[in-house]
Amino acid sequence: MTEIRETKMGAKLKDFLDVVDLVYRGDPNFVRALDQDLKDRLSPKKNPFFEHGEGTTFTAYKDGRCVGRITAQLDHGHLDRYKDKTGFFGFLDTIDDAEVAKDLLASAEAWLKAKGMTKIRGPLSLNINEELGVLVDGFGTPPYFLMPHHRPYQSGLIEQAGYTKEKDFYAWKYTVSDLNTRTRKAHGEIAALPELTSRPVSMKDMERDVEIIVDVFNDAWSDNWGFVPATKNEVRKMAQDFKLVLIPDITRIVSIDGEPAAVAVALPNLNELIADLHGKLFPLGLPKLLWRLKVKGPKSGRMFILGIRKKWRHVRKYAGLSAYLYAELNDAGRRIGMTEGELSWTLEDNGPVNAGIRLLGSQVYKRYRLYTKELA
């Protein structure tokens, strides 16, 4: 029999954090997230998500041992935009036990139903701008920074609990290398335009530049499925976080006639640097991380944001903008010693974007799935 315990966001979450050590024991590709980061993200006092969201956590126990976890949350930004009475679950990690998964999901469902929701979707941690989906293909390699990892059985347990597929998302593997002729030509044509300027993000004016990035991103992605714009305070929090991890070389802000028109931000793959820290920054984890990030340097990075304002996207003259951005980051990554990267995520049905990435020589190597269920 499964015992389910609810813990409020921001309370002591030791079991919620530690259960992954049991779930992923023996999995060489699992990377435990930093405990302090998760505590902050799940704290209403520290995460601006909770200015427009609310949620709770559940942990599952069998024979006195914690064997699974889940969150249930509402995003009022999503509800205001879509008016679909849909709530979310996230951070679902369980042992291979259908009862445990079903009882955790049922707890999330009951919490959301009590809030007036008629549908549940997930996993999302905490909303669509963070980790999303359960891994359904590509278990043989570690996840990149801010991307989830799961056991192969996890999706099946969700389906056994009555959930059906909502949508799949792709992660693309990219090798830093000489660019193909088509991409290099597009890069050259865009770079030659006199009205175009390109620069990296400024560490001194981080908040200003993050506001530019998010403004362009919100415009570029506004028609995408499930999109919810970032709030001003979420932008400020992003700027604070970027100051700690961002490498300006692998970022670009492109302007046309002085107006920001396109942006690209790759993040160093922190999972490469924290895999042996087991979630702990103290006492030795922080100096190790800083040395690896600032001195040794990461070998891999994740394309985290890429967007082109809609007003420029279909102007024939600027058709090569996305190729230009990919080429700029490829060349910069090569200069600083990076050898590979991940482009993630893209929607399975976003044909133009996926086709463009394929032209770069990238391949889908991981697939994530969102599930949905009607709340009776």
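Throughout, read-outs are computed from the coordinates displayed, never taken from laboratory work. The structure presented is a predicted model; accordingly, all values stated were derived computationally and were not measured. Note that we place each Cβ from the backbone using ideal geometry, even for glycine, and neighbour counts take in every protein chain shown.
Beyond 25 Å between alpha-carbons counts as too far, so tell me which of Lys8/Lys115; Lys237/Lys366; Lys14/Lys102 fall in that bin.
Lys237/Lys366
Contour minus end-to-end for Ala110 and Thr231, with contour as 0.36 nm per residue of separation and end-to-end as the Cα-Cα distance?
In short, 40.7 nm is gained.
Which FRET efficiency value, to the nearest 0.05, do you get for Leu286 and Thr181 by plugging their Cβ-Cβ distance into 1/(1 + (r/R0)^6) with R0 = 30 Å?
Working from the Cβ atoms, E equals 0.10.
Given points 7 Å out from each Cα along the Cα-Cβ axis, report the Asn350 to Glu51 separation in nanometres with one decimal.
For Asn350 paired with Glu51, the spin-label model returns 2.5 nm.
Compute a Gaussian network model of the chain, connecting alpha carbons closer than 10 Å, and tell me which residue from Thr339, Thr59, Thr181 fluctuates the most.
Most flexible of the set in this elastic network: Thr181.
What list of ³J(HN,Hα) couplings, whole Hz, do you get for region 202-218 from phi and the Karplus terms 6.51, -1.76, 1.60, once you set θ to phi - 60° and write x for glycine and proline?
8, 5, 6, 10, 4, 5, 4, 6, 5, 4, 5, 4, 5, 4, 5, 4, 4
If each DSSP helix of 4+ residues adds -39,500 (n - 2.57) and the sum is divided by the residues in the chain, what number results at 222 nm, nearest 500 deg cm²/dmol?
One gets -10000 deg cm²/dmol as the mean residue ellipticity at 222 nm.
Could you tell me whether region 69-151 comes out rounded, prolate or oblate from its Cα gyration tensor? Rule is a ≥ b ≥ c as square roots of the eigenvalues, rounded for a/c under 1.5, then prolate if a/b exceeds b/c, otherwise oblate.
oblate
Checking the cross-link filter: which aspartates and glutamates have an alpha carbon closer than 20 Å to that of Lys185, excluding same-chain neighbours under 8 positions apart?
Output for Lys185: Glu195, Glu328, Asp331.
For helix 232-245, what angle does its Cα long axis make with the longest principal axis of the chain, in degrees from 0 to 90 and rounded to 10?
The two axes meet at around 80 degrees.
Suppose R0 equals 56 Å. What FRET efficiency, 1/(1 + (r/R0)^6) with r the Cβ-Cβ distance, do Ile336 and Thr118 give to the nearest 0.05?
After rounding, the FRET efficiency stands at 0.70.
Over 27 Å between Cα atoms, which of Lys39/Lys83; Lys83/Lys232; Lys12/Lys165; Lys12/Lys83 qualify?
Violating the 27 Å Cα-Cα cut-off are Lys39/Lys83; Lys12/Lys165; Lys12/Lys83.
Between Asp97 and Lys12, what is the label-point separation in nm under the 7 Å Cα-to-beta-carbon projection?
The modelled label-to-label distance comes out at 2.2 nm.
With a/c under 1.5 counting as rounded, go ahead and sort region 214-253 into rounded, prolate or oblate using the C-alpha gyration tensor (a ≥ b ≥ c being the square roots of the eigenvalues; past the cut-off, prolate if a/b is larger than b/c, else oblate).
Taking the square roots of the gyration eigenvalues as a ≥ b ≥ c, region 214-253 is oblate.
Of all chymotrypsin sites (Phe, Trp or Tyr not before Pro) in region 187-231, which ones are in loop regions per DSSP and have a Cβ with at most 15 other Cβ atoms within 10 Å?
Trp225
If you take the beta carbon distance between Glu259 and Thr372 as r and set R0 to 35 Å, what does 1/(1 + (r/R0)^6) give as a FRET efficiency, to the nearest 0.05?
Step by step, r from the Cβ atoms, then E = 0.35.
Rounded if a/c is under 1.5, else prolate if a/b beats b/c, else oblate: with a ≥ b ≥ c from the C-alpha gyration tensor eigenvalues square-rooted, which is region 3-171?
rounded
Just in region 292-345: which trypsin sites (Lys or Arg not before Pro) are loop by DSSP and have at most 10 other Cβ atoms within 10 Å?
Sparse-neighbourhood loop trypsin sites (Lys or Arg not before Pro): none present.
What trypsin sites (Lys or Arg not before Pro) in region 194-256 are in a loop by DSSP, with at most 11 other Cβ atoms within 10 Å of the Cβ?
Those satisfying the criteria are Lys204.
Here are a few candidate values for semi-axes √(5λ) of the Cα gyration tensor in Å: (i) 35, 23, 20; (ii) 48, 22, 17; (iii) 46, 23, 20. Which one was actually calculated from the structure I just gave you?
Only one listed value fits the structure, namely (i).
Determine the distance separating the Cα centre of region 291-306 from the Cα centre of region 101-171; give it in Å without decimals.
Computed from Cα coordinates, the inter-centre distance equals 27 Å.
Of Val20, Val315, Val214, which has the largest mean-square fluctuation in a 10 Å C-alpha GNM of the chain?
Val315
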